[in-house]
Amino acid sequence: MKNIIYLVLTAMLLSFLSCSSENEVDEPNIPTNLSISGVKFGADGNKPNGDGSGVVDFTITATNATSYKVLINNETLELTQNTFSYTFTQSGTNDYSIIVSAYNSVGFSSTTYSITVYVYSELQLVWSDEFDTNGAPSPSNWGYDTGAGGWGNNELQTYTDNLENAVVEDGVLKIIAKDDGNGGYTSARIKSQGLQKFTYGRIEVRAKLPASQGTWPAIWMLGSNFSSVGWPNCGEMDIMEQTGWDKNTVLGTFHWQDSASDSYAGYGLETEAPTSTSEYHLYSLEWTPEVIYVLYDDEPYVTLTNNDSLPFNADFFIILNIAMGGDLGGDVDPSFTQDTMEIDYVRVYQ
């Protein structure tokens, strides 16, 4: 009888233990494996910090998390989902430190994440020349390079400061290249050196180019330290050049001294411009610490990634000229008498 009772009790105990094991719920641990990552809108190899919108899509990953808190840009976000989008608004390129915490009923864990974001700010007009006063170009904005000598490019013209080569008429600056009647040519090369200089922003020049074979018009910029360090150490940004033999395209080019190899470096491309000599078009440069674009009628066609090793992070001045012949002018039309680059305005936004 005792054996029967013992067997029954043993069976009941085993049954109880079995049921207890099946219904047992493990207590959770605090969240682990916590991390956060951000994808900057519009980021690519040329724009590593985003396209300027400031929008970043974030994803949080964690084990055993039921909710999250995020301290971002002095704001606290409380979330039940693990993804969110945030728009940074501080202009320029800025570094941010983000703290994220993952929670459950037991407790929480935290981690820190750093991200660099670029935000484009609305640019304001800081300087312009609208060429509204007839006569010589404004001496408060423009000086002259004068003389002959090929200018390092086998050019044929002599630059002057005469009204017959650079004059403002009826709201337009005219840079005029002319046959001098003695087998040579005169032209003008005006510059804002020592008068107007700029670092970063958008530079716009609305212009109509000369059509004659052999003319080499240019809208370009040199580093303001040109006089002390020379070329190409000062850096050069060509917003527009056109060869003397192809009047259906324009060029945008960068020149500099490569610091690693201590040798000349350059990069440029061309774009179609079939009406450049018969109609006005907008030639522009968009310039930031991260990237520089050359644009034709607001369409970028040259992109240069900027960085601290390049000379494109300091003041530059503007140059407007027509060369004759030379490396990019080529052979001048034997019947050439004169031709003009007409400039409606020059504007700088920052």
Stretch gain in nm, segment residue 94-residue 57, where the contour uses 0.36 nm per residue and the Cα spacing is subtracted: 11.6 nm
Evaluate the distance, in nm, between pseudo-label points positioned 7 Å from the Cα of residue 126 and of residue 170 along their respective Cα→Cβ axes. 3.5
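Could you give me D for segment 77-161, from Stokes-Einstein at 10 °C and 1.306 mPa s, where the hydrodynamic radius is the Kirkwood radius over C-alpha pairs? Units µm² s⁻¹, please. Before the final figure, lay out the partial values.
On the way: Rh = 20.1 Å.
Reported coefficient: 79 µm²/s.
Give me the percent of accessible area attributable to carbon and sulfur for segment 144-200, probe 1.4 angstrom. Please report the intermediate quantities before stating the final value.
On the way: 1080 of 2630 Å².
Carbon and sulfur atoms account for 41 percent of the accessible area of segment 144-200.
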Per 10 Å bin, what percent of the C-alpha pairs of segment 35-192 does each bin hold, from zero upward? 9, 24, 15, 11, 13, 12, 10, 6, 1, 0
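Among 174/197; 47/69; 47/208; 178/247; 40/197, which pairs are too far apart, with a Cα-Cα distance over 26 Å?
On the way: 174/197 22 Å; 47/69 29 Å; 47/208 32 Å; 178/247 18 Å; 40/197 33 Å.
Pairs exceeding 26 Å: 47/69; 47/208; 40/197.
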Report the Cα-based extents of segment 40-109 along its three principal axes, largest first, to the nearest Å. 44, 23, 15
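Can you tell me the accessible area per residue over segment 56-135, all protein chains present, probe 1.4 angstrom, in square angstrom?
Details: 4490 Å² over 80 residues.
For segment 56-135, the per-residue accessible area is 56 Å².
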Extension gain from residue 211 to residue 33, taking 0.36 nm per residue of separation minus the Cα-Cα distance: 57.4 nm
What is the set of long-range amide H partners of residue 268 at a cut-off below 5 Å, with H atoms built 1.01 Å from backbone N? 254
With the other protein chains left in place, how much accessible area per residue, in square angstrom, belongs to segment 161-206 at a 1.4 angstrom probe? 42
Using a 1.4 angstrom probe on the protein heavy atoms only, line up 120, 86 by accessible area, largest first. 120, 86
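Going by a ≥ b ≥ c, the root eigenvalues of the Cα gyration tensor, does segment 112-271 fall in the rounded group (a/c under 1.5), the prolate group (a/b larger than b/c) or the oblate group?
prolate
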Given (i) 128; (ii) 138; (iii) 193 as candidate values of volume of the Cα convex hull per residue in Å³, which corresponds to the one derived from the coordinates? (iii)
Give the shape of segment 200-246 as rounded, prolate or oblate, defined through the alpha-carbon gyration tensor: a ≥ b ≥ c are the square roots of its eigenvalues, a/c under 1.5 means rounded, and otherwise the shape is prolate if a/b is larger than b/c and oblate if not. oblate
Step through the residues of segment 149-165 one at a time and calculate ³J(HN,Hα) from phi using the Karplus curve (6.51 cos²θ - 1.76 cosθ + 1.60, θ = phi - 60°), rounding each to whole Hz and writing x for Gly and Pro. x, x, 6, x, 10, 6, 6, 9, 7, 10, 7, 10, 10, 7, 5, 5, 10
Between segment 296-346 and segment 34-102, how far is it from one alpha carbon centroid to the other, in angstrom? 42
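Hey, got the dipole for the chain? About the Cα centre, +1 on K and R Cβ, -1 on D and E Cβ, debye to the nearest 20? Mind showing how you got there, number by number?
Details: 14 positive and 45 negative charges, 268 e Å.
Taking the Cα centre of the chain as origin, the dipole is about 1280 debye.
Rg over Rh of segment 263-323, using C-alpha atoms and the Kirkwood radius, what does it come to? It would help to have the intermediate numbers written out before the result.
Values: Rg = 13.5 Å, Rh = 13.6 Å.
Result for segment 263-323 is an Rg/Rh of 1.00.
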Per the 1.4 Å probe, what fraction of the accessible area of segment 219-296, in percent, lies on carbon and sulfur atoms? 52
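The values are calculated or read from the model by the stated rules, or taken from the named source; none is laboratory data. Being a predicted model, the structure only gives us computed values, none of them experimental. Because the Cβ atoms are built from the backbone with ideal geometry, glycine has one as well, and the counts that use them run over all protein chains shown. Calculation scope for accessible area: heavy atoms of the full protein, side chains included, ligands and nucleic acids excluded. Shrake-Rupley method; radii C 1.70, N 1.55, O 1.52, S 1.80 Å.
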